[in-house]
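The numbers here are math on the coordinates, done by the rules we state, and not lab data. Only a predicted model underlies this, so the values are computations on that prediction, with no experimental measurement involved. Note that we place each Cβ from the backbone using ideal geometry, even for glycine, and neighbour counts take in every protein chain shown.
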Amino acid sequence: MYNEPNIILDFDGTIFKLFENHSLDRLIKRLYNLTNVYNIGFTEQNDAFDAFALIRNSDLSDDIKRDLLVKAHMWATEEELEALKTGVLVDGFFEFLKTAPALGKKIAIATNNSPECIERFFESLAPNIITEYNIPVIGREALHTERMKPSPYMLRHLCETNGWDAADTLYIGDHPRDWECAVSFGCRFIGMASAKEKRDRFLACDASMKLVSDYRELVSLLLN
């Protein structure tokens with residue numbers, strides 16, 4: 001049984017399927033053109049988020065790294081805000097959010113997406129809910145991309161800020177890097193995986209991993 005009183009959620013794919021109907025081809029192309037000049041190894045087959053680590057770990061000067069990271073963050077944020085218009089809410093999220101206090105759960109959000117994206121999401125679908133339910137949010141920072149998952153920084157920061165212990169915290173995400181983040185931090189994890197591809201990818205990491213398809217399944221798991 002999952003008795004942890006503190007639940008931290010990923011955003012894209014866990015709360016909202018941000019890029020369900022939005023292609024990232026333009027962003028990938030822009031990042032390729034930006035970084036190819038410096039030959040840091042980013043290709044058009046990479047995940048967009050790979051660009052941040054490749055820039056950060058390159059041998060470029062600090063000034064060039066900073067300029068590239070700021071531009072990559074800005075372009076990624078633009079795509080996220082555009083994708084909000086066509087994304088798909090994961091079933092049962094807002095119902096879960098409203099029932100969490102009755103379940104004795106406190107909620108926070110840790111995501112590699114930009115804080116602007118999360119703010120715009122809630123503004124458009126549920127204004128004031130972040131304040132009403134006191135939901136701490138931490139997201140991508142342009143000049144501190146080393147803090148992005150799978151680093152445990154975001155989980156640790158949220159817990160330290162709110163006085164939570166890892167043992168009392170459950171992290172829920174839709175990607176293996178979320179699982180890696182939880183393992184590194186030392187808290188339990190549940191995978192949000194409605195698609196077979198995601199379920200297979202999770203089970204390849206840990207065959208015993210608990211998986212749910214939506215928030216109705218999550219509540220059932222939390223109660224049993």
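Along its first, second and third principal axes, ordered by size, segment 156-224 spans 36, 25, 16 Å in Cα coordinates. For segment 1-70, the alpha-carbon radius of gyration amounts to 1.48 times the rule-of-thumb value 2.2 N^0.38 Å expected for a compact globular protein. Projecting label points 7 angstrom from Cα along Cα→Cβ for Leu81 and Ser208 puts them 4.6 nm apart.
The C-alpha atoms of the chain define a longest principal axis, and helix 153-162 lies at about 50 degrees to it.
Please report, in debye to the nearest 20, how large the charge dipole of segment 25-83 is about its Cα centre when each Lys and Arg carries +1 at its beta carbon and each Asp and Glu carries -1 there.
Values: 7 positive and 12 negative charges, 32 e Å.
The dipole magnitude comes to about 160 debye.
With contributions of -39500 (n - 2.57) from each DSSP H run of at least four residues, the per-residue ellipticity at 222 nm computed over the chain stands at -13500 deg cm²/dmol.
In this structure, the amide hydrogen of Phe189, modeled 1.01 Å from its nitrogen in the peptide plane, lies closer than 5 angstrom to those of Tyr171, counting only residues at least 5 positions away or on a different chain. Taken along the Cα-to-beta-carbon direction at a fixed 7 Å, the label points for Thr131 and Asp47 span 3.5 nm.
Relative to the longest principal axis of the Cα atoms of the chain, the long axis of helix 196-205 lies at roughly 90 degrees.
Convert 4 °C to kelvin, take the viscosity as 1.567 mPa s, use the Kirkwood radius over C-alpha pairs of segment 110-224 as Rh, and evaluate the Stokes-Einstein diffusion coefficient in µm²/s, rounded to a whole number. Mind dumping the intermediate values first?
On the way: Rh = 15.2 Å.
Estimated diffusion coefficient is 85 µm²/s.
Fewest-first ordering of Val70, Val90, Val37, Val183 by other beta carbons within 10 Å of each residue's beta carbon gives Val37, Val70, Val183, Val90. Taking the C-alpha atoms only, the angle from helix 25-36 to the longest principal axis of the chain is near 50 degrees. Note the listed values [x] 1.02; [y] 1.17; [z] 1.22, then indicate which one is Cα Rg over 2.2 N^0.38 Å calculated from this particular structure. This structure yields the entry labelled [x].
Step through the table entries Lys105/Lys210; Lys105/Lys198; Lys29/Lys198, compare each Cα-Cα distance with 21 Å, and write down the pairs that go over it. Mind showing how you got there, number by number?
Values: Lys105/Lys210 19 Å; Lys105/Lys198 26 Å; Lys29/Lys198 25 Å.
Among Lys105/Lys210; Lys105/Lys198; Lys29/Lys198, the Cα-Cα distance tops 21 Å for Lys105/Lys198; Lys29/Lys198.
Round to the nearest 0.05 the FRET efficiency obtained for Glu20 and Glu95 when R0 = 22 Å and r is the Cβ-Cβ distance. Efficiency for this residue pair is about 0.65.
Descending by average beta-carbon neighbour count within 10 Å, the peptides 148-156, 131-139 line up as 148-156, 131-139, the highest first. For each pair in Lys149/Lys196; Lys17/Lys149; Lys65/Lys85; Lys17/Lys71, compute the distance between the two Cα atoms and list the pairs where it is over 29 Å. Long pairs (Cα-Cα over 29 Å): Lys65/Lys85.
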